[in-house]
Each structure stands twice: as structure tokens, then as C-alpha cells.
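Student: Would you mind keeping the following structure in view while I ask a few things?
Bear in mind that the values in this text are calculations on the coordinates, not laboratory data. Treat the numbers as computed from the prediction; the structure is a model and nothing was measured. Cβ sites come from the backbone with ideal geometry, for glycine too, and all protein chains shown count toward neighbours.
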Amino acid sequence: MWRYIARRLLQTFIVLWGVSFIAFGVMFLAGDPATAMVGEDWTREQIAEFRHVMGFDQPWYVQYGRFLSRAVRGDFGVSLRQRQPNLTLIFERMPATLQLAACAMLLSIVIAIPAGVISATRRHSWLDHGASLAAMLGQSMPAFWLGIMLILIFGVGLRWTPVAGRGGLAHLILPAITLAAYPIARNARMMRSSILEVLGQAYVTTARAKGLREFLVITRHAMRNALIPVVTLIGLEFGALLGGAVITESIFAWPGVGRLTIQAIYGRDIPLVQAAVIVLAGIFVVINLLVDLFYVVLDPRIRLA
Amino acid sequence: MWSWTRASVWRSVRRARLAVAGGIVLSVVVLMGATAPVLAPQDPAEQSILERLKPPGFRDSLGRRHYLGTDQLGRDILSRLMYGARVSLVVGITAVCIGGTLGLALGLVSGYYGGWVDDVIMRLADIQLAFPSILLYIAVLAVLGPGLFKVIAILGVTGWVTYGRVARGQVLSVREQEYVQAGRAIGARETRIILRHVLPNIFSAIIVVGSFAVASNIIAEASLSFLGLGVPPSVPAWGSMLAEARDYVRDAWWPVTFPGLAIMLTVLSINALGDWLRDYLDPRLSLQD
């Protein structure tokens with residue numbers, strides 16, 4: 001077990017290093033990083049000075065070394081437009097993003113797991129068909145369009161909910177549904193097939209044979225085992241939700257990290273984009289690690305191997 | 001084992017029906033895109049400030065009918081949708097070709113040779129998967145700026161991971177089969193074994209993965225265009241049509257509804273075809289369902 005954990009930790013460090021390298025290297029894709037950041041009306045002298053201040057006149061490995069050693073110490077540079085440390089800006093917006101992602105995750109669990117169980121136990125009923133149709137639609141609908149349609153119907157048409165911004169619970173409903181739609185669809189399909197697989201196992205037959213009510217067979221015996229792959233999927237999805245928040249936040253003007261990133265792109269504030277990408281990807285990597293480590297605790301086959 | 005139970009027969013009939021429906025919808029989309037320069041009722045860029053946001057079926061001052069209405073600049077939505085289909089299909093398919101070729105090559109090498117080559121390639125895959133993909137696209141396009149070829153390139157190059165992993169896994173299982181060992185025994189060169197014996201046997205899995213990837217690329221391109229990072233605003237694309245129209249959502253429902261419907265129907269029909277293809281080409285992959 002310890003060897004597995006050590007290997008997994010080492011792997012995480014390699015991946016984090018790779019993330020930093022890509023986020024850094026992206027700057028050079030345009031040839032000269034300075035030209036991607038400055039305004040069109042800058043004079044040649046201003047650009048030269050900017051290049052010197054940012055260190056772009058150094059060889060790339062010197063720049064990368066500096067970038068990495070600062071990043072390790074928690075210094076992700078200063079925003080070009082907002083004149084504040086990038087990390088401060090990001091962590092100011094983080095609670096809003098986490099709130100949205102957590103709500104979406106909660107929604108996906110509360111809806112997808114019962115839906116998957118009902119689909120599997122009432123296989124080929126109209127409930128099952130309805131659920132799989134909804135899941136197919138949910139997986140084919142781009143999040144930004146779903147968001148706009150929800151705004152159109154519930155915000156503009158019915159006037160039930162506010163259409164933008166962060167405030168009370170009412171503000172949270174539409175963005176959370178928008179962000180949750182895809183995971184709900186995916187988890188429900190996963191839960192359905194997982195239950196179906198478990199229902200064929202001998203211990204389920206035994207539980208039925210000893211006269212247990214079907215409800216208890218499902219909840220006590222089938223669900224416990226069927227949940228393992230679904231829980232993993234949900235854990236891994238949380239990081240993806242943080243990424244997906246970029247689009248959802250920009251539709252609903254939700255003041256989170258995603259919207260900050262989009263604004264930074266429009267303002268050519270590349271250092272801020274870089275920092276946001278590293279932080280979000282970093283969280284994603286760490287969550288994946290935690291899910292894997294949690295798995296070690298849950299599943300004795302990994303623990304003992 | 002693959003056996004024909006009643007449920008599986010029923011499922012394959014349903015899948016086939018869905019696939020036929022998907023095929024019809026997709027053909028319509030392809031036809032719309034292909035014939036756009038000839039059949040589009042109007043020039044997609046032609047603006048008419050006096051006839052902005054007119055509802056579907058509206059007849060303009062020149063007597064032309066706008067079947068899906070006009071947008072915030074008075075442009076014909078149907079014509080723009082037809083041109084937009086070209087962008088979605090071209091991006092979706094070319095990116096899959098790039099990613100598929102790259103992934104297939106790396107996956108074959110990785111699975112066949114193993115060792116440190118395999119380690120390096122798979123760590124690369126891990127690093128890339130550590131990025132939520134939309135973040136990676138955003139990071140790159142934020143620097144490069146929008147552009148059709150840039151979008152195709154980034155979706156294509158980053159797409160290799162899925163094919164790479166599938167190809168590697170398939171190679172690992174194929175590598176030890178008798179016919180590959182027989183090839184080795186009679187002294188065939190490694191490249192010949194890979195290309196003549198291994199590749200044909202993993203191709204169906206790659207086709208299945210690729211068909212789903214066309215759908216996800218279409219959504220990715222639309223999302224990027226929606227964020228202003230995809231194709232430039234001068235090119236009509238479904239994602240950017242939505243982005244431009246969303247500020248007028250209070251005044252008109254049609255400019256934000258039709259492009260999204262187009263994306264959803266296209267993606268849905270590709271996914272339905274992909275499901276069917278998976279059953280048809282590789283029943284082993286669908287046993288879990």
C-alpha cells in the first residue's frame with residue numbers, strides 16, 4: 001500500500017510540473033510573449049521596457065526557472081490590468097466558484113443516483129426510457145445553450161429566477177442546473193449500468209432467496225457495491241466542474257474564477273490567465289489524488305496488493 | 001460472451017432505429033452545409049438595420065421570406081445556420097483525423113514497444129488529462145487569438161490522448177495473439193507486424209472512439225466560439241451566433257434557440273450513430289451497458 005501511495009504522490013508531482021511547464025510554454029506560442037500582452041497603440045520603447053520588466057529579454061530557461069521558483073513559493077505574478085497579485089485575485093473569486101461547483105455536484109448526486117437505480121430496477125419501463133432519453137439529451141446539449149434556454153424560460157418568460165449575478169439561493173438555481181446537467185446525465189447512466197451489473201451477482205440472488213424485501217435487497221446489498229465506480233466518477237468530476245464553470249460563470253455573470261479568467265483573456269492579461277489555469281488544474285490534480293487515496297481506504301484489493 | 005438475449009435484441013433494434021434517425025438528421029446537416037453557397041436563401045453577412053430581430057416567417061421589404069427570422073443585425077438566421085454547419089462539421093471531422101492519426105501512432109508505439117517509451121508517452125497523457133480540456137484550449141487560444149485553423153489544430157493535437165490510450169490497450173491485448181507471434185516467427189519486420197497485423201485489428205475500436213470525438217469536438221468548437229476564442233466573428237458559426245444573440249434574449253427567443261438546437265441535434269445524431277457503430281463493430285465494448 002505504501003509503495004502505491006508513494007508512486008501516486010510522485011506521479012502527482014510530475015503532473016504538476018508538467019502543468020506548470022505547459023502553462024508557461026503556452027506564452028511562447030505566439031512567438032514573442034510581449035506582443036500577445038501589450039496594447040496595439042504601444043510605442044517600440046514602451047514594448048522594450050515592458051519586455052525588460054517582465055524578464056522576456058532573458059533566455060526561456062532562465063525565465064522558466066524564475067517562474068517555477070516563484071510559483072513554488074506561492075507567487076504567481078501580478079495581474080497586468082488589475083495591479084494586484086494574481087493569487088489574491090483568484091482566491092477572492094474562489095468561494096463563488098466552489099459554491100457553484102459544490103451545488104452542481106450535490107444536484108448531480110441527488111438526481112442521478114435515484115434516477116439510475118429506478119431505471120435499472122424498472123428496466124425497459126417508460127420511466128427507464130424517459131430517463132435514458134433525458135440522459136442522452138443532457139449529454140448532447142452544450143452547457144452554454146442550456147444556460148441561455150433556462151434564462152429565456154425561467155428568467156425572462158416566467159420571471160421565477162434572477163438571470164445573472166450572485167446573491168441568495170435564487171441566483172444559484174439556474175447556474176447550478178446548467179453546470180450539473182452533463183454530470184447528472186453521465187452519472188445516471190453509470191449508476192444504471194452499475195446496478196444492472198451488481199443485480200446479476202450471486203449475493204443478490206442469496207439476499208432475494210432468503211426472502212428479503214426487494215427494497216432492502218437494492219438498498220442494502222446492491223447499491224453499496226454499485227456505488228463504488230459512481231463515487232469515483234463523481235470525485236473525478238469535481239475538478240471538471242471547476243473547468244466547466246468558466247462557461248457557466250460567463251453566461252450568468254457569476255463572479256467566480258472562471259469569469260475572472262475570461263475577463264483576463266479579453267484584457268490580454270496573460271499572467272492572470274496562466275495563474276488561473278495553474279490553480280484550477282492544480283486543484284483538479286490534487287482532487288484526483290485524494291480520490292485515488294480514498295479508494296485505497298475503501299477497496300481492500302488495492303490496499304493489500 | 002456475446003449472446004442474443006431478448007433484451008439485447010430489443011436494444012439493438014432500438015439502437016438501429018435511433019441510428020437511422022441520427023443518420024437522416026446528420027445527412028440533412030451535411031447537405032445544408034455542403035449546399036450553403038447555392039441554396040442559402042440569403043447572403044449570411046447581409047445586414048438590414050431596419051429589419052432586426054424579426055420573427056420566423058417574416059417577409060422583408062424585398063419580399064424575401066426569413067423562415068427562421070432575422071438576428072440582431074437583421075441577418076437571415078437560416079442562411080447563417082447553413083454556413084455555420086460547415087464550420088462545425090469541418091472542425092469536428094478534421095480535428096478527429098489529426099488527433100486520431102497522432103494518437104494511433106503514439107498508442108501503437110507505446111503499446112508495442114513498452115518500456116521507457118511507453119512510460120514517457122503515458123506520462124504525457126497523464127499531464128494532459130490533468131488539465132480540464134476546456135482550460136487547456138482557453139490557455140492556448142488566449143495567447144494565439146481566435147482562428148479556424150488554430151481551433152482545429154488545438155482540438156486535433158490535444159485529442160490524441162483518447163485514441164492513444166485505446167490504441168495502446170488494444171495493442172497490449174493483440175500483441176500476444178498467435179497471429180502476431182506467427183508473424184514474428186517467420187521473421188517479419190516490426191513495422192510490418194504493426195501495420196499489417198496489429199493496426200487492422202484495433203481499427204474498429206478507434207473508429208468508435210473517433211465517432212464520439214466528432215461530437216465532442218463540435219461542442220468544444222461551439223463553446224470556444226461562444227467565448228469569442230473560436231472562429232473569428234466574421235465567420236458565421238453556431239457558437240458565435242449564440243454569443244452575439246444572447247444580449248437580446250429579452251427581445252427575441254429565435255436567435256438564441258435555433259443555433260443551439262442545431263448543435264444539439266447534430267451532436268445527438270452523431271452520438272446515436274456512435275452507439276450503434278459500437279454495437280455493430282465491437283460488441284465487447286457495449287456489454288457494460
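Student: Tell me, what is the FRET efficiency for A:I153 and B:I93 to the nearest 0.05, using R0 = 25 angstrom and their Cβ-Cβ distance as r?
Tutor: 0.15
Student: Residues of B:122-130, mean number of Cβ from any other protein chain within 10 Å of their own Cβ, rounded to a whole number?
Tutor: If you average over the peptide's residues, the count of other-chain Cβ atoms is 5.
Student: May I pose another question? Compute, for chain B, the length of the dipole vector about the Cα centre, with Cβ point charges of +1 (Lys, Arg) and -1 (Asp, Glu) only. Units Debye, rounded to 20.
Tutor: 560
Student: In sequence order, what are the phi-derived ³J(HN,Hα) couplings for the range B:57-65 according to the Karplus relation 6.51 cos²θ - 1.76 cosθ + 1.60 with θ = phi - 60°, rounded to whole Hz, with x for glycine and proline?
Tutor: Ordered by residue, 3J(HN,Hα) equals x, 5, 10, 7, 5, 8, x, 8, 8 Hz.
Student: If you don't mind, another one. Quick check: residue separation of A:V297 and A:Y4 times 0.36 nm, minus the Cα distance between them. What number comes out in nm?
Tutor: Extra length available between A:V297 and A:Y4 comes to 104.3 nm.
Student: Hey, another quick one. Under the classification rounded if a/c is under 1.5, otherwise prolate if a/b is larger than b/c and oblate if not, where does chain A fall, given a ≥ b ≥ c as square roots of the Cα gyration tensor eigenvalues?
Tutor: Note, shape of chain A comes out oblate.
Student: Considering the Cα trace of the range B:7-139, what is its radius of gyration and what is Dmax, both in angstroms?
Tutor: 22.8, 71
Student: Membrane-span-like helices in chain B: DSSP H runs reaching 20 Å or more (Cα, own axis), mean Kyte hydropathy at least 0.5?
Tutor: Helices meeting the span and hydropathy rule in chain B are B:6-39, B:77-113, B:115-129, B:199-226, B:254-281.
Student: Residue by residue through the range A:289-296, which ³J(HN,Hα) values in whole Hz follow from phi under the Karplus form 6.51 cos²θ - 1.76 cosθ + 1.60 (θ = phi - 60°), with glycine and proline marked x?
Tutor: 4, 4, 4, 5, 5, 5, 4, 4
Student: Take peptide B:225-233, look around each residue's Cβ out to 10 angstrom, count Cβ atoms belonging to other protein chains, and average those counts.
Tutor: Across B:225-233, the average partner-chain Cβ count within 10 Å equals 3.
Student: Enumerate the amide H contacts of B:F58 below 5 Å, restricted to partners 5 or more residues apart or on another chain; note that Pro and chain-start residues carry no placed amide H.
Tutor: Here the answer is B:H66, B:G69, since their amide H atoms fall under 5 Å of that of B:F58.
Student: Then there's this: Shielding by partners for B:243-249, please: the mean number of other protein chain Cβ atoms within 10 Å of each residue's Cβ.
Tutor: 3
Student: Taking Cα atoms, how many degrees apart are the long axis of helix A:60-72 and the longest axis of chain A, rounded to 10 and kept between 0 and 90?
Tutor: For A:60-72 against chain A, the angle is about 60 degrees.
Student: Further question on the same structure: Can you give the three extents of the C-alpha atoms in the range A:1-119 along their principal axes, from longest to shortest, in whole Å?
Tutor: Computed over the Cα atoms, the extents are 68, 40, 25 Å.
Student: Further question: So if I take the centroid of the Cα atoms in the range A:144-210 and the same for the range B:39-97, what is the distance between those two points in Å?
Tutor: 33
Student: OK, next. Give the residue from B:F203, B:A182, B:G92 lying farthest towards the positive end of the charge dipole for the range B:54-211; charges sit on Cβ (+1 for Lys and Arg, -1 for Asp and Glu) and the dipole is referred to the Cα centre.
Tutor: Selected residue: B:G92.
Student: While we're on this one: Hey, what does the equivalent ellipsoid look like for the range A:179-261, semi-axes from the Cα gyration tensor as sqrt of 5 times each eigenvalue, largest first, whole Å?
Tutor: After scaling each eigenvalue by five and taking roots: 39, 10, 9 Å.
Student: Right, next: What is chain A's relative contact order, in percent, from Cα pairs under 8 angstrom and six or more apart in sequence?
Tutor: Normalised by residue count, the contact order of chain A is 27 percent.
Student: Can you list residues whose amide H is under 5 Å from A:V78's amide H, if they're 5+ apart or on another chain and H is modeled 1.01 Å from N?
Tutor: The list, which skips near neighbours in sequence, is A:N86.
Student: Still on this model: In chain B, once you exclude exposed trypsin sites (Lys or Arg not before Pro) (DSSP loop, at most 14 other Cβ within 10 angstrom), what's the longest stretch remaining?
Tutor: The longest such stretch corresponds to B:65-188.
Student: With a/c under 1.5 counting as rounded, go ahead and sort the range B:179-279 into rounded, prolate or oblate using the C-alpha gyration tensor (a ≥ b ≥ c being the square roots of the eigenvalues; past the cut-off, prolate if a/b is larger than b/c, else oblate).
Tutor: prolate
Student: Using each residue's phi in the range A:179-193, evaluate 6.51 cos²θ - 1.76 cosθ + 1.60 at θ = phi - 60° and report the 3J(HN,Hα) Karplus result to the nearest Hz, with x for Gly and Pro.
Tutor: Using θ = phi - 60°, the values come out as 6, 7, 3, 5, x, 4, 4, 5, 5, 5, 5, 5, 4, 4, 6 Hz.
Student: With the contact rule set at Cα under 8 Å and sequence spacing of 6 or more, what percent relative contact order holds for chain B?
Tutor: Here the relative contact order equals 25 percent.
Student: Assign one of three labels to the protein assembly as shown, namely rounded, prolate or oblate, based on the Cα gyration tensor with a ≥ b ≥ c the square roots of its eigenvalues; rounded applies when a/c is under 1.5, prolate when it is not and a/b is larger than b/c, and oblate otherwise.
Tutor: rounded
Student: A follow-up question, please. Taking 41 Å as R0, compute the FRET efficiency from the Cβ-Cβ separation of A:V62 and B:R123 and round it to 0.05.
Tutor: 0.95
Student: How far apart, in nm, are two points set 7 Å out from the Cα along the Cα-to-Cβ line at B:A153 and at B:L265?
Tutor: 3.5
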